[in-house]
Structure formats: C-alpha cells, structure tokens
1. Return a yes/no flag: does region 156-176 have any residue that is closer than 30 Å to Ile32 by Cα, modelled with pLDDT of 80 or more and not basic (Lys, Arg).
2. Out of region 287-297, which residues are crowded, with 17+ Cβ neighbours inside 10 Å and in a loop (DSSP other than H, G, I, E, B)?
3. Can you name every residue in region 221-268 that is aromatic (Phe, Trp, Tyr) and over 17 Å from the mean Cα position of the chain (by Cα)?
4. Answer yes or no: is there a residue in region 269-286 that is surrounded by fewer than 19 Cβ atoms within 10 Å (Cβ to Cβ) and in a helix (DSSP H, G or I).
5. Take Leu217 and decide whether it is in a helix (DSSP H, G or I), touching an Asp or Glu at 6+ places or on another chain (Cβ under 7 Å), at pLDDT 80 or above and hydrophobic (A, V, I, L, M, F, W, C).
6. Among residues belonging to region 56-73 that are free of Cβ contacts under 8 Å to residues at least 60 places away in the same chain and outside any helix (DSSP H, G or I), point out the one that is farthest from Leu310 (Cα to Cα).
7. Filter region 41-55 down to the residues that are touching a residue at least 40 places away in the same chain (Cβ under 8 Å) and β-branched (Val, Ile, Thr), then identify the one that is surrounded by the fewest Cβ atoms within 10 Å (Cβ to Cβ).
8. Please determine whether any residue of region 113-135 is more than 14 Å from the chain's Cα centre (by Cα), surrounded by 16 or more Cβ atoms within 10 Å (Cβ to Cβ), modelled with pLDDT of 80 or more and farther than 25 Å from Val51 by Cβ.
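The values are calculated or read from the model by the stated rules, or taken from the named source; none is laboratory data. All values derive from a computational prediction rather than experimental measurement. In this analysis, Cβ positions are derived from the backbone assuming ideal geometry, glycine residues included, and neighbour counts consider all displayed protein chains.
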Amino acid sequence: MGISPTELSEQDISTDPVVVKQEIAGRSPMQIALGRLKSDKIAVACALVVVLFFLIAVFAPLLSDLFGVELRAGTSEDTDQFNFPVIGPPDHGFTWEAPLGLEPGTGNDLLAEWFYGARTSLTVATVSTVAATLIGVTVGLLAGFSRGWFDRAINFVIDVFLSLPFLIVALAIAPILVSRFGNQPATLQAWQFISLLMVLSFFGWMLLARLVRGEVLSLREREFVQAARVIGVPTRRILFKELLPNLVAPIIVSISLGLPAFVAAEAGLAYLGIGATGQPSWGQTIDKAVPFFSTYPLYLYAPIVGVFLLVMALNLLGDAVRDAFDPKTRR
C-alpha cells in the first residue's frame, strides 16, 4: 500500500528537526519592524536619500576636490562691475568650473557652499536630536517611575519649557551674544553655534519626556518590574535594564521625526540671521539669495531643493518607522 504525497510531507515535517525548528521559530518586535521597513519601497528609497545626504556631509571636502571647487575661492576677478559672476549662471552657460555658478558679490563657489551647507545642517540636526533624546528619555524615566512631589516637580518643569516661546527666546539670545562677544569675531561665531545647539536641544525634549513618562507609568506596574523591586534590584538597574529596553520603539520613532524638524528649524533660524555664522549653511544661503531671485533664481533654488529633499525624505522615513513599530499595523 503506497503513501500519499500529503502523508509523506506531513511525516517528513514531523520527523525533520530542522523543519520543526523553522516552524516554531519566532521573531522579535525589532525583526518584525525591520522586515516591514525592508518591504516598504518608499522607506527604502527615503533611507537611501538620507544616507546620500549624510555621505555628502561627511565627505564634503573630498567632493569639493572631486568637482574642482573650493569653499572660499572667490576673488574680485570672478565678478564684474555689477558684482555678478563672470563665468557660469546666470549670465553665462554651464561650466564644470562652477556647476551652480558663483555667489554674487564675493565670487565664492555655490556648489562648495552647498556641500558644506549640508554638513552644517546635518551636524546641527544630529547633535540636537541626540541631546534632546538623552534629556527627554532621562527625564521621562525619572518622572514616570517616581511618585509624589518629584513627579509633580518634573511635570512643572516640562510645562514651563512648553510655555516658553521658542522663536522669541532664539531671537533674544542673538543680541546678547553680539553685545558680549561683538569685538571677538572668532569667539562670537563659536558661541553662536553653541547657542543654536543649546536652543534646539532645550526646546526639543519635552514631548519625548511626556511620551516616555506615559509608557513608564504603565510599565512600572507590570509583573517583571514588581518582581525586580521585590528581590531588591537597584532603581538605576530597573530604569535602564528593565524599563528602557521596552521603550526602544517610541524612542526610535521620536528620533526619526525629530531630525527633519531640526533640519528645518536650523534653516529657518539661519534665514533669520540666528545661529551658525562664519560657515556655510543652507539657511544663510537662502537669506543671501532672496534679493537676487529675479535675476539669479538658481542661487535660491539650490539650497531650497536641498532642504526640501532632505526634510521630505526624513519625514517619509519617519512615518514609515512609526508604522513599522506600531503593533496595530498590518502591512
């Protein structure tokens, strides 16, 4: 009497340990989220765009050498009597000597400024995001795990920071620094850059702190936390070994959504004349290009396209990350 193919396959599966192991193997939430991201073509494309911009920021000097452009190569011979470039756009044809043209008035190469502007924007956004994340996670853990007056005090601090107008504080810092270090240009530029990082970091942690606090409030009553407290595990270990690993998903989502916000904020503040000076920035280029828009639109379009592409890619990638880590998502 023969064995049917169905019975044979069932017998092989039941006796083959390798097949059984594959059948019962599970996946962690991180593996599930990464699998969702890999299957999302938009997320993959946006991730490639973000990686490309980070490579441009890291290798800005090498790219400038590759294209034969320099950051501060402008001379009086590069502009005419009306301070317009003598080569490249807007009045001359395309040339590899200046693919994006030269800056009116100074003759500085705009492609080199675009490369280094990407470095400034991504440096500010990355440092601010990391600092705001560290502050927000720490404050949220302490507020959610503590009880009584300490929790109320932390919530009061969060409310105070949320009530402060971000733009007015940034505008108020600029004249203070100028009045203090106005006669020391190098020191002034350093403090302006540091103040930009501090303002963005100190105004970017509150929402994450509240999110982490809410998650900790629900997790601290779970069995594994109660068991750790009963056996005498130190509070520090409970916070960073038991609770923090369960907060990876919201933290990653917050980082992915915070980066584009800080990129846009840096460009906006630089356009208003606040923040990093003495170094190329997309926002500063936009500020200088506005008066020349009618005669030299490429001067304005180049940094705007850079900000648009980077912020759009980061936003779409952040949405994909949020959906991938959402346990209710089924796609």
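1. The initial filter retains those residues of region 156-176 that are closer than 30 Å to Ile32 by Cα, namely none.
The answer is no; no qualifying residue exists.
2. Result: Tyr296, single match.
3. Taking region 221-268 as the starting set, the residues that turn out to be aromatic (Phe, Trp, Tyr) are 224, 240, 262.
Across region 221-268, the qualifying residues are Phe224, Phe240.
4. To start, the set of residues in region 269-286 that are surrounded by fewer than 19 Cβ atoms within 10 Å (Cβ to Cβ) comprises 272-273, 277-279.
Those still in the list that are in a helix (DSSP H, G or I) too: none.
No, because not a single residue in region 269-286 is surrounded by fewer than 19 Cβ atoms within 10 Å (Cβ to Cβ) and in a helix (DSSP H, G or I).
5. Numbers: in a helix (DSSP H, G or I): yes; touching an Asp or Glu at 6+ places or on another chain (Cβ under 7 Å): no; at pLDDT 80 or above: yes; hydrophobic (A, V, I, L, M, F, W, C): yes.
When the stated conditions are applied, Leu217 does not pass them.
6. Going through region 56-73, the residues free of Cβ contacts under 8 Å to residues at least 60 places away in the same chain turn out to be 59-70, 72-73.
Going one step further and asking which of them are outside any helix (DSSP H, G or I), we end up with 59, 68-70, 72-73.
Details: Phe59: 17, Gly68: 25, Val69: 23, Glu70: 23, Arg72: 25, Ala73: 27 Å.
By that ranking, first place goes to Ala73.
7. Ile42
8. yes
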